[in-house]
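Here's the structure, in structure tokens; my notes come after.
The values are calculated or read from the model by the stated rules, or taken from the named source; none is laboratory data. In this text, all values refer to a predicted model and were calculated from it rather than measured experimentally. We place every Cβ from the backbone using ideal geometry, glycine too, and count neighbours over all the protein chains shown. Heavy atoms of the whole protein, side chains included, go into the accessibility calculation; ligands, DNA and RNA do not. Shrake-Rupley method; radii C 1.70, N 1.55, O 1.52, S 1.80 Å.
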Amino acid sequence: MYACRCRPVILPTGRVVITAKERRQTVADGTRASDGAPAKQERAGSTRSPRLPRDERRAQLLNAALEVFVSNGFHGAAMDEIAEAAHVSKPVLYQHFPSKRELYMALLDSHLATLTQLMLNALNSTTDNKERVKAVMRAYYRFIADDDQAHRLVFESDLINDPDVSSRLETFNKTFADAVAHVIAEDTKLPPLEAQLLGRGLAGMAQVSARYWLETDGNLDLDVASDLIYRLAWRGISRFPKES
């Protein structure tokens, strides 16, 4: 019940009378109070994310999408679920990514760019080839240890046979292998094609062994694992004749 703000009229008989105008004012006040209650309740229970700068919102959406894609696969993921995980509405999600495919490709491009830069930085961190091989193996293992979800998205996706996805993976593999091959060709008498084959072999050794290591659930220390593969790779490649 809402309190009346009016001054009632008291008749000589003692009966209290409220005028029609005052009654309307009382009803209106009560209606406004009633209408406001659900709004306050809705705001209190809202889980929507606050406004963010565009770059921050995009990063937030990508992080939420990564979890959903890794958990459900591309085909099993839904934009509704991604929006819910990011605590945004679907219109907000579609403002940044018009389709699920574009969202997935943006994630893939981001993680491949990160991994490519890690590999190139490791390769260029020293001029000692033995240390180069060690740094590359360590960097690759560190990447999947720090973010195994990103690694699974890149190399274990149910969309991996899609032409656009496989093309992106081939670009990464070629960039990595060509960088290794360039170092090998400079340091040995091997022709470019043979050096490229060795580069692919080293890149594949890192990927396959690291993916297996990931399945051991930490039973083998990262440094021990990467060191084993580095020693295997170096003992093989170091036997090639050096350029005089």
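In the set Asp148, Asp109, only one residue is within 26 Å of Ala225 (Cβ to Cβ), of a type outside the set (Val, Ile, Thr) and within 16 Å of the chain's Cα centre (by Cα); that residue is Asp148. When every residue of segment 147-160 is checked against the conditions, none turns out to be among the small types (Gly, Ala, Ser), closer than 19 Å to Ala233 by Cβ and not assigned by the TED database to the domain that holds Ala59. Given Pro91, Pro98, which one is part of a loop (DSSP other than H, G, I, E, B) and either open to solvent by 30 Å² or more (accessible area, probe 1.4 Å) or modelled with pLDDT of 95 or more (or both)? Exactly one of Pro91, Pro98 is part of a loop (DSSP other than H, G, I, E, B) and either open to solvent by 30 Å² or more (accessible area, probe 1.4 Å) or modelled with pLDDT of 95 or more (or both), namely Pro98.
Go through the residues of segment 196-208 one by one and say whether even a single one is loosely packed, with under 13 Cβ neighbours inside 10 Å and within 13 Å of Tyr141 (Cβ to Cβ). Yes, that holds for at least one residue. Whether any residue in segment 115-137 is open to solvent by 60 Å² or more (accessible area, probe 1.4 Å), in a helix (DSSP H, G or I) and either touching a Leu at 6+ places or on another chain (Cβ under 7 Å) or among the β-branched types (Val, Ile, Thr) (or both) is what I want to check. Within segment 115-137, none of the residues are open to solvent by 60 Å² or more (accessible area, probe 1.4 Å), in a helix (DSSP H, G or I) and either touching a Leu at 6+ places or on another chain (Cβ under 7 Å) or among the β-branched types (Val, Ile, Thr) (or both). All conditions in (1) on the phi > 0 side of the Ramachandran plot; (2) surrounded by 14 or more Cβ atoms within 10 Å (Cβ to Cβ) hold for Asp217, with the sole exception of (2). Within segment 172-195, restricting attention to residues that are closer than 30 Å to Gly73 by Cα and in contact (Cβ under 8 Å) with a residue 24 or more places away in the chain, the residue that is surrounded by the most Cβ atoms within 10 Å (Cβ to Cβ) is Phe176.
Taking Arg168 as the residue in question, decide whether it is within 22 Å of Asn63 (Cα to Cα), open to solvent by 80 Å² or more (accessible area, probe 1.4 Å), modelled with pLDDT of 90 or more and within 19 Å of the chain's Cα centre (by Cα).
no
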